[in-house]
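To start, the structure itself, in structure tokens.
The values are calculated or read from the model by the stated rules, or taken from the named source; none is laboratory data. All values reported here derive from a predicted model rather than from experimental measurement. Glycine also receives a Cβ, built like all others from the backbone with ideal geometry; neighbour counts cover every protein chain displayed. The protein model used for the area step is the full one, side chains on, heavy atoms only, and it has no ligands, DNA or RNA in it. Shrake-Rupley method; radii C 1.70, N 1.55, O 1.52, S 1.80 Å.
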2 protein chains.
Amino acid sequence: MVNLELIKSISRSSPTKIVLLVIDGLGGLPRPETGKTELETASTPNLDKLAAKGVCGLSDPVGPGITPGSAPGHLALFGYDPVSFNIGRGALEAMGIDFDLQPGDAAARGNFCTVDKADLITDRRAGRISTEKCDELCQLLDGLLIENVKIFVQPVREHRFVAVFRGGDLSPDVSDSDPQQLGVTPKVITALSPEADRMAGIANQFVAQAKTTLSEHLPANMVLLRGFSKQPHFPTMGEIYKLRPAAIASYPMYRGLARLVGMKVLETGTSIEDEFKTLIQNYARYDLFFLHIKGTDSAGEDGDFDRKVKVIEQVDKALAELMSLQPEVIVVTSDHSTPALLRGHSWHPVPVLLYSRWCRPDRVSEFSESACISGGLGRFPATQIMSLAMANALKLTKFGA
Amino acid sequence: MVNLELIKSISRSSPTKIVLLVIDGLGGLPRPETGKTELETASTPNLDKLAAKGVCGLSDPVGPGITPGSAPGHLALFGYDPVSFNIGRGALEAMGIDFDLQPGDAAARGNFCTVDKADLITDRRAGRISTEKCDELCQLLDGLLIENVKIFVQPVREHRFVAVFRGGDLSPDVSDSDPQQLGVTPKVITALSPEADRMAGIANQFVAQAKTTLSEHLPANMVLLRGFSKQPHFPTMGEIYKLRPAAIASYPMYRGLARLVGMKVLETGTSIEDEFKTLIQNYARYDLFFLHIKGTDSAGEDGDFDRKVKVIEQVDKALAELMSLQPEVIVVTSDHSTPALLRGHSWHPVPVLLYSRWCRPDRVSEFSESACISGGLGRFPATQIMSLAMANALKLTKFGA
């Protein structure tokens, strides 16, 4: 089993460049009328050119049959086994809004919810209040100070928020207040180990104060907390691969994930063209570029087949200028499939294209799910993509004499 | 995860025969002018015939993206996980010159080097002295006796030698004297655990004596030692597979590796024809034959595409007589790729051909990298090759009731 320690022991710094283009949710399912997926429907002359010169395959981000969330999907692409490198729910939500978690902070995922007069939960999502309403309510709670612990309360979307507890080294080893069922009262948060007593006490005080503050704000008259956790400490991509990695992503979650693995997060705009421009402007300063395209996943989630096709075509067009820079390795792939027909992430394997001067080309001449089946990379775990990219960039020395 | 314990529990002895033909560095990259690799360029009617009747695939000796050294590449072919079955540097060098390491021996890799008047290292390789010169200098040091420990000093190539310390059970748990940098003095060898005190003391005395002996032999006026290690103790192929394995290899490193896993190393000549003749002469006496072809790897390392093609064609020709003996299983593969275009070992997956009466044939009708992509074996770790060969030789019983 190839692991990060092995890669670390043979990686070396070199001037060659790797571009990891992640088209979020790229993999799809064929539209019954045409028998073609989103990627197969899109006109993608540049991707097809790369596929013809490169080597293709299908990868599983977590494993066959497993539908990955965004975090595991990306961790796998960066070479981290997404099952053993776990991010707690609270820390993940904080990352998702690009909140700068610090060592010692404990973060919890929060829901605004509805309780009745007997304190029994009647709606765990407070009727899915609007994000604007959520923002407003968070402002009422944000900045509370309890026993020298400052509590940041930040909106996520609809009824979701993040609560971050800062002050001293707080242990997140406490139970949830969210019982994840209706008709019962929110649970008292308890310490699961002695060093978490203080955290549990403060969290319960916070919940009590929130209840008072929210009493007149039906349907959002209470909060539920779960998944207390800290920013995990992962070895950085700089340590493992001896790379200077940069991330270009317009959505906060992906910037947070990139920061977690030690990438420099570059300022960029919101369009695909902006992102590619940022890469080109910073080309000389880094040797790994993670470029994240969100629109494909959003379109897939919306069930909008045609919009997903259009986003893929936009990416293909933007690729031309990048190709003219001739990076030594270009990998085009995704963190998971998001078929428009399923309106959500799915377990289907993800098309992968690797182009480099030193790859061994296969007979695949177009970038599509069905063509990738017979690609030279075969079917393989996504955690191996970085090793392959590193090898093709001649950044890995021989293992053993 | 299939492991050696499992295989051991279901293996059985039987009269069927397996030939494991290892064409070192076989995998290649296409020559740009033709789009064909070395194997695809070679005329190989016999290999193609076997491929058509057999089942093909691509294997990774260590893992995707990992370029294997000769030792890990071969251990994987013999079924040993090359990451967990590690061979120390000193022991590996001793093996590489076919030195018969005994239990209790500690071996170190040595360099002749140059030091200035202040004992600072000015050249870690003594200007890469000739192998003849190395031989001459080794003779000056060979056979020293220090505190009843005899020190064997044997030339490897250019500035490289092996020092083997024999006498009592010496612990190799000592630091290197080689600082692996210039402008500093060689380091004093220190024990890394209490039981290695004696080894460290003797090694330092050896270095001191070598310095005196070499004082007039500029540029080779000092030695550097590293990688003290013992012959590792691996379970033998006889124990695991219940085979009587024989090795036919004209290069010492491969004979050493074969001996390490318990193969009988047969005397043979240096040509491909000699090696095949040795196999045929010994056919009745063993049931696994590891036949190693070195010329393909050497040609690849030299960047000589055409010579590599010729060696492959020679092997193909020699195969005819072997095929007429009708061994139950023939596996043709390699320990790693050595594309002439890269002039060295590479990470590219290795073509595998398995022929037996009981294999399930695929549609592959020629033995080549691109044809193997769509072979029935798929893409798989090289450590599984032996299990497949054993199964096809009907030497593995059912697992579980």
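Converting phi to 3J(HN,Hα) with the Karplus coefficients 6.51, -1.76 and 1.60 and the offset θ = phi - 60°, the range A:272-280 yields 4, 4, 4, 4, 5, 4, 4, 4, 5 Hz in sequence order, with x at every glycine or proline. Straight Cα distances below 18 angstrom link B:Lys230 to the lysines B:Lys150, with same-chain residues fewer than 8 positions distant left out.
Under the convention that each Lys and Arg Cβ holds +1 and each Asp and Glu Cβ holds -1, the size of the dipole of the range B:5-142 around its Cα centre is about 540 debye. Across chain A, the mean sequence separation of Cα contacts (distance under 8 Å, 6 or more residues apart), normalised by length, yields a relative contact order of 33 percent.
Candidates B:Phe99, B:Val55, B:Ile272 compared by Cα position along the dipole of chain B: farthest toward the positive end lies B:Val55, with charges placed on Cβ. So what's the angle, to the nearest 10 degrees on a 0 to 90 scale, between helix A:131-141 and the longest Cα principal axis of chain A? Helix A:131-141 sits roughly 50 degrees off the main axis of chain A. For the residues of A:378-386, the average number of beta carbons from a partner chain within 10 Å of their own beta carbon is 3.
Across the range B:91-128, the residues whose backbone nitrogen lies under 14 Å from the label position 7 Å along the beta-carbon direction of B:Ser215 are B:117-119. In whole angstrom, the protein assembly as shown maps to an equivalent ellipsoid with semi-axes of 54, 35, 26, each derived as √(5λ) from the alpha carbon gyration tensor and ordered largest first.
For the range B:193-208, backbone phi angles converted through the Karplus equation (6.51, -1.76, 1.60; θ = phi - 60°) give residue-by-residue couplings of 8, x, 5, 9, 4, 5, 4, 4, x, 5, 4, 5, 5, 4, 4, 5 Hz, Gly and Pro being listed as x.
For the range A:87-220, give the percent of accessible area contributed by carbon and sulfur heavy atoms, probe 1.4 Å, rounded to a whole number. Solvent-exposed carbon and sulfur of the range A:87-220 make up 49 percent of the total. For A:Leu288, the amide hydrogen comes within under 5 Å of the amide hydrogens of A:Ile18, A:Arg244, A:Ala246, counting only partners 5 or more places away or on other chains and with H modelled in the peptide plane. The largest accessible area among A:Trp347, A:Trp358, B:Trp358, B:Trp347 belongs to the first residue in B:Trp358, A:Trp347, A:Trp358, B:Trp347, and the rest follow in falling order (1.4 Å probe, all chains).
Less than 5 angstrom separates the built amide H of A:Phe161 from those of A:Gly110, A:Asn111, A:Phe112, A:Val156, all sequence-distant by 5 or more or on a different chain.
The fraction of accessible area contributed by carbon and sulfur in the range B:239-360 is 47 percent, rounded to a whole number (1.4 Å probe; ligands and nucleic acids excluded).
Can you give the accessible area buried between chains B and A, summed over both chains, with a 1.4 Å probe, in Å² to the nearest 100? Chains B and A together bury roughly 2300 Å² of accessible area. The residues packed around A:Thr383, meaning those with a beta-carbon under 13 Å from its beta-carbon, carry a net charge of -3 if Lys and Arg are +1 and Asp and Glu are -1. Cross-link reach is defined here as a Cα-Cα straight distance under 19 Å, omitting same-chain residues fewer than 8 places apart; for B:Lys264 the aspartates and glutamates meeting it are B:Asp98, B:Asp100, B:Glu239, B:Asp274, B:Glu275, B:Asp287.
Beta bridges per DSSP, both residues in chain B: antiparallel share near 65 percent. Around the Cα centre of the range B:161-312, unit charges on the Cβ atoms of Lys, Arg, Asp and Glu (plus for the first two, minus for the last two) sum to a dipole of about 340 debye. Per-residue 3J(HN,Hα) values for the range A:54-71, derived from phi via the Karplus relation 6.51 cos²θ - 1.76 cosθ + 1.60 with θ = phi - 60°, read x, 10, 10, x, 10, 10, 10, x, 10, x, x, x, 9, 8, x, x, 4, 5 Hz in sequence order (x marks Gly and Pro). Note on A:Lys317: lysines with a C-alpha under 22 Å away, same-chain residues under 8 apart excluded, are A:Lys17, A:Lys36, A:Lys49, A:Lys53, A:Lys277, A:Lys294, A:Lys308. Taking the label point 7 Å along Cα→Cβ, A:Arg157 and its counterparts in the other copies are spaced 5.9 nm apart, in ascending order.
Comparing B:Val184, A:Ile23, B:Met237 along the charge dipole axis of the protein assembly as shown, the residue lying farthest to the positive side is B:Met237, per the Cβ-charge model. Note on A:392-399: average number of Cβ atoms from other chains within 10 Å of each residue's Cβ is 5.
The accessible area of A:Thr67, taken with all protein chains in place and a 1.4 Å probe, comes to roughly 60 Å². Mean separation of Cα pairs under 8 Å and 6 or more residues apart, divided by the residue count, gives the range B:312-355 a relative contact order of 36 percent. Given R0 = 45 Å, the distance between the Cβ atoms of B:Gln181 and A:Leu145 translates into a calculated FRET efficiency of 0.25. Expressed as a fraction of 2.2 N^0.38 Å, the value expected for a compact globular protein of N residues, the C-alpha radius of gyration of chain A is 1.06.
Placing unit charges on the Cβ atoms only, positive for Lys and Arg and negative for Asp and Glu, gives the range B:242-401 a dipole magnitude near 760 debye about its Cα centre.
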